Amino acid sequence: MKPVIETHGLCKSYGGRTVVDHLDLTVPQGCVYGFLGPNGAGKSTTMKMLLGLVHPTGGSVELLGHTLNEENRIGLLRQTGSLIESPSGYLHLTARENLAIAADLKGVERRDIDRVLDVVHLTSAANRKVGQYSLGMKQRLGIATALLGSPKLLILDEPTNGLDPAGIQEMRSLIAAMPESTGATVLISSHLLGEMEQMVSQVGILNHGKLLFEGPLAALQRHARGGVLLRVLDAQRAAAVLQAQGIRAVTRPVQPDTLELPPMPDEALAALVGALAGSGAGVVGLTSQTKNLEEIFLSLTKGDGEVA
């Protein structure tokens, strides 16, 4: 199945400064793809190039199986919804009236308005003036506008930015369900790496314009494995076993019976526990530590954007 988005060697420079550096991005159909990285990583510039709002310095973009160019840009973007900047609208008009104007501009039937209001959970507030909306409601109205015409692809640039915790949670649930509720593939960017775990299935991590990681969220587990905390009855005897096997352990001063081991495969850990038990060290506790996405990001970078 052809990816919804593919970029090949995509580059963008401003005044000699490279913002996006030979980016090869692949977004499979039917997923929520988390485009992650700190502010200034190049995420927004990439999204604008995907929408034809910014011309690349080099490389190419494929949307919905077609190379994006000036001839087909309008046709492809009719099948793409986006929310790049903060949502705008007429504050003195209702949500329904705002959507009617957007539908007319897009050449979409107004009967689509009820559907998109339902998708973003604004049906009950459809006849309220947008000036009375919270920021989260305005963001959802912006997404509803992007969904008019049933686009195959939805591009959202930091839609949770500035929301309170309740608004973030609501946005997470809405976006996670989007492929099923609308049929659209979603590309969503964020610098808040931890919050993405609850809504995405595919991940791309960008820093200084370079793609450091891309793949299923589950594939990050190999980067997520942390060290092992091992609690024993005889730390001295356990340390001797570890030294004999060439395993470097760190003793915690406040917990002399606990040894901190480096990450290791499950099979090796099981064999080690067996050896410790046979030596009489007395294993009484074992805890495998895992990293969250922020820690994974730090492990992927050395501060200069290179893979660690």
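Each value in this text was obtained by applying a stated rule to the coordinates, not by laboratory testing. Since we're looking at a predicted model, the values are computed, not measured. Reconstructed Cβ throughout: ideal geometry from the backbone, glycine too, with neighbour counts over all protein chains shown.
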Requested in this report: About the Cα centre of the chain, how large is the charge dipole given +1 on each Lys and Arg Cβ and -1 on each Asp and Glu Cβ? Please answer in debye to the nearest 20.
Outcome: 300
**Report entry** Helix-only [θ]222 nm of the chain, DSSP H runs n ≥ 4, -39500 (n - 2.57) each, per residue, nearest 500
**Finding:** -9000 deg cm²/dmol
Report task. Work from the charge dipole of the chain (Cβ charges, +1 for Lys and Arg, -1 for Asp and Glu, about the Cα centre) and give the residue of Q198, V130, A144 farthest towards its positive end. Result -> V130
Requested in this report: Eight or more residues apart or on different chains, and alpha-carbon atoms under 21 Å: count the Lys pairs in the chain matching that.
Outcome: 15
Query - Within a Gaussian network of the chain (alpha carbon springs, distance under 10 Å), most fluctuating of P216, P165, P265 - result: P265
**Report entry** ³J(HN,Hα), Karplus 6.51/-1.76/1.60, whole Hz, each residue of segment 65-75, x for Gly, Pro
**Finding:** x, 10, 5, 6, 8, 5, 6, 9, 4, 4, x
Requested in this report: Taking amide H positions as placed in the peptide plane 1.01 Å from N, state which residues far from L286 in sequence (5 or more) or on other chains have amide H under 5 Å from it.
Outcome: R231
Report summary line: The value for the chain (convex hull of the alpha-carbon atoms, volume per residue, Å³) is 171
Report summary line: For the chain, percent of DSSP beta bridges that are antiparallel (nearest 5) comes out at 65
Report task. Using DSSP to define loop residues, name the trypsin sites (Lys or Arg not before Pro) in segment 229-264 whose beta-carbon has at most 11 other beta-carbon atoms within 10 Å. Result -> R248
**Report entry** If the convex hull is drawn through the Cα atoms of segment 128-249, its volume per residue in Å³
**Finding:** 183
Query - Selected from E170, E158, E260 as most flexible by GNM, with the chain as the system and alpha-carbon contacts under 10 Å - result: E260
Report task. Could you give the C-alpha radius of gyration of segment 67-108 expressed as a fraction of 2.2 N^0.38 Å, taking N as the number of residues it contains? Result -> 1.44
Requested in this report: Tabulate in residue order the Karplus-calculated ³J(HN,Hα) for segment 258-264, using 6.51 cos²θ - 1.76 cosθ + 1.60 with θ = phi - 60°, rounded to whole Hz; enter x for Gly and Pro.
Outcome: 10, 10, 9, 9, x, x, 8
Query raised in the report: Pick from L230, L156, L36: which residue has the top mean-square fluctuation in a GNM of the chain where Cα pairs under 10 Å get a spring?
Result: L230
Query - From phi via Karplus (6.51, -1.76, 1.60), per-residue ³J(HN,Hα) for segment 156-164 in Hz, x at Gly/Pro - result: 10, 9, 6, x, 8, 4, x, 7, 7
Query raised in the report: What residues have an amide H closer than 5 Å to that of L148, excluding those fewer than 5 places away on the same chain, when H is modeled at 1.01 Å from N in the peptide plane?
Result: none
Query raised in the report: Can you list the trypsin sites (Lys or Arg not before Pro) in segment 45-107 that are in a DSSP coil and have 16 or fewer other beta carbons within 10 angstrom?
Result: R78
